[in-house]
Amino acid sequence: MLTAVLTAIIAITAIALVAGLLLSLASRRLPANVDTLVDQVNELLPQTQCGQCGYPGCRPYAAAIVEAAVAINLCPPGGQDTVQRLAALLGRDAPTLDEPVAVTKVALIDESLCIGCTYCRHACPVDAIVGAHHFMHTVIAVECTGCELCLPRCPVDCISMVAAR
Ligand code: SF4
Ligand code: SF4
């Protein structure tokens, strides 16, 4: 009886050890590959965070490319060169760049309220904001992609989004 109990305990312990080992091996291999690949794809994207691909920024698009096999030709700022580089990295075909998602809204600074702190200018990934320290800043609407990254940076809340013309 005692032998049977001991054998059962040893067997269960052995199974648990093997399962634990396999799980830790799997957890070490799988996420790292996916995360690393997402990082590699993200590094090839232009980091304009503009959302013209239909995703809320470059990294979410990179994750969708890797994890959901989304098309690699949705990034207008990256151009056909980026499509080629992504295709080479992922071993996929390189389709022609897709039509950009139109920019429907752009940032507008209320210049009467602007204190010239430059925070928004540093937040803009496409350099669409001009201004000098302590002087009013303004948005070059044709350069703005509507990414809204500048809005939360304004300490006097004088930036709003308006319809693109
Ligand atoms: S001005 Fe603002 S909304 Fe426009 S691209 Fe720059 S950070 Fe984005
Ligand atoms: S963050 Fe606001 S206050 Fe500062 S420069 Fe930009 S618009 Fe002006």
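Please determine, in degrees from 0 to 90 and to the nearest 10, the orientation of helix 79-90 with respect to the longest principal axis defined by the Cα atoms of the chain, where the helix direction is its Cα long axis.
Its long axis makes an angle of about 10 degrees.
In debye, nearest 20, what is the charge dipole magnitude of the chain about its Cα centre with +1 on Lys and Arg Cβ and -1 on Asp and Glu Cβ, if you could check?
Numbers: 9 positive and 14 negative charges, 91 e Å.
The dipole of the chain has a size of about 440 debye.
So if I average 1/r over every pair of distinct C-alpha atoms in the chain and take the inverse, what Kirkwood radius in Å does that give? Mind showing how you got there, number by number?
Numbers: mean 1/r = 0.0518 Å⁻¹.
It works out to 19.3 Å.
With the radius of gyration and the Kirkwood radius both derived from the Cα set of the stretch 34-90, what is their ratio Rg to Rh?
Working: Rg = 9.7 Å, Rh = 10.8 Å.
In the stretch 34-90, Rg relative to Rh is 0.90.
Taking only the alpha carbons of the stretch 103-165, what extent do you get along each of the three principal axes, in Å, biggest first?
The Cα atoms of the stretch 103-165 stretch 30, 19, 17 Å along the principal axes, largest first.
Can you tell which of P60, Q84, P125 lies farthest toward the positive end of the dipole of the chain, using +1 and -1 charges on the Cβ of basic and acidic side chains (Lys, Arg; Asp, Glu)?
Highest projection toward the positive end goes to P60.
Over the stretch 34-90, with the other protein chains present, what is the accessible area per residue in square angstrom, probe 1.4 angstrom? Write down the numbers at each step before the final one.
Details: 2530 Å² over 57 residues.
On a per-residue basis, the stretch 34-90 sits at 44 Å².
The values are calculated or read from the model by the stated rules, or taken from the named source; none is laboratory data. Not measured: the values here are computed from a predicted model. We place every Cβ from the backbone using ideal geometry, glycine too, and count neighbours over all the protein chains shown. Heads up: the accessible areas ignore ligands, DNA and RNA and are worked out on the full protein's heavy atoms, side chains in. Shrake-Rupley method; radii C 1.70, N 1.55, O 1.52, S 1.80 Å.
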